[in-house]
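Peer 1: Quick one: the structure is below, questions incoming.
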Amino acid sequence: ITPLISKSECYCLNECHDATHENLFIGDDRLALKSDADEQLLIHITFNETVKVSGLKFTAFNTANLDLQTAPKYIKVFVNRPSMGFSDAEDVEPTEEFELTEEEISNEKGIEKVRVGEGSR
């Protein structure tokens, strides 16, 4: 699915300048996406065409030094929402919502969540 991502139209709110969303598309598990402010990130991924997403995979960065207090626990997925801010993410019903357990967060192989559906943004 990576070739269908319009990388120039993707962005992330609250990302750290040295651990940006661009690391997600490189394919190196040692590279991470981190927040520069608090525990919230808002990642916007745009596709070149309509795609059917059959799953999402979350992998913790540096599991040997993982702080479960700051690791992401709540994931909200919004489909076909061309522009969103943090207030929108609180006010709009997500397409899917996941709560990751401590076991899932610390799993070195990552955790796959399914049930997202079709979308272009």
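Peer 1: So which aspartates and glutamates pass the test for residue 57, namely a Cα distance under 13 Å, with those fewer than 8 places away in the same chain ruled out?
Peer 2: Partners found: 29, 104, 108, 112.
Peer 1: Now for a different question. First measure r as the distance between the Cβ atoms of residue 73 and residue 49, then evaluate 1/(1 + (r/R0)^6) with R0 = 35 Å and state the FRET efficiency to the nearest 0.05.
Peer 2: The computed FRET efficiency comes out at 0.60.
Peer 1: Order 41-48, 17-24 from most to least packed using the mean count of other Cβ atoms within 10 Å.
Peer 2: Output ranking for 41-48, 17-24: 41-48, 17-24.
Peer 1: Residue 57 versus residue 18, label points 7 Å from Cα toward the beta carbon: distance in nm?
Peer 2: For residue 57 paired with residue 18, the spin-label model returns 2.8 nm.
Peer 1: Nearest 0.05, what FRET efficiency do residue 101 and residue 9 give at R0 = 25 Å with Cβ-Cβ as r?
Peer 2: Values: r = 33 Å, r/R0 = 1.32.
After rounding, the FRET efficiency stands at 0.15.
Peer 1: Ordered by residue, what ³J(HN,Hα) values in Hz, to whole numbers, does the stretch 72-87 give under the Karplus form 6.51 cos²θ - 1.76 cosθ + 1.60, where θ = phi - 60° and Gly and Pro are x?
Peer 2: Per residue, the Karplus-derived 3J(HN,Hα) values read x, 10, 10, 10, 10, 10, 10, 10, 6, 10, x, 8, 9, x, 5, 5 Hz.
Peer 1: Now for a separate question. Counting only residues 5 or more places away or on other chains, whose amide H sits under 5 Å from the amide H of residue 35 once H atoms are built in the peptide plane?
Peer 2: Residues meeting the criterion, in which the H sits 1.01 Å from N, are 16.
Read the figures in this text as sums done on the coordinates, not as results from a lab. Owing to the predicted nature of the structure, the values given are computational and were not obtained by experimental measurement. All Cβ positions, glycine included, derive from the backbone under ideal geometry; neighbour counts span all protein chains shown.
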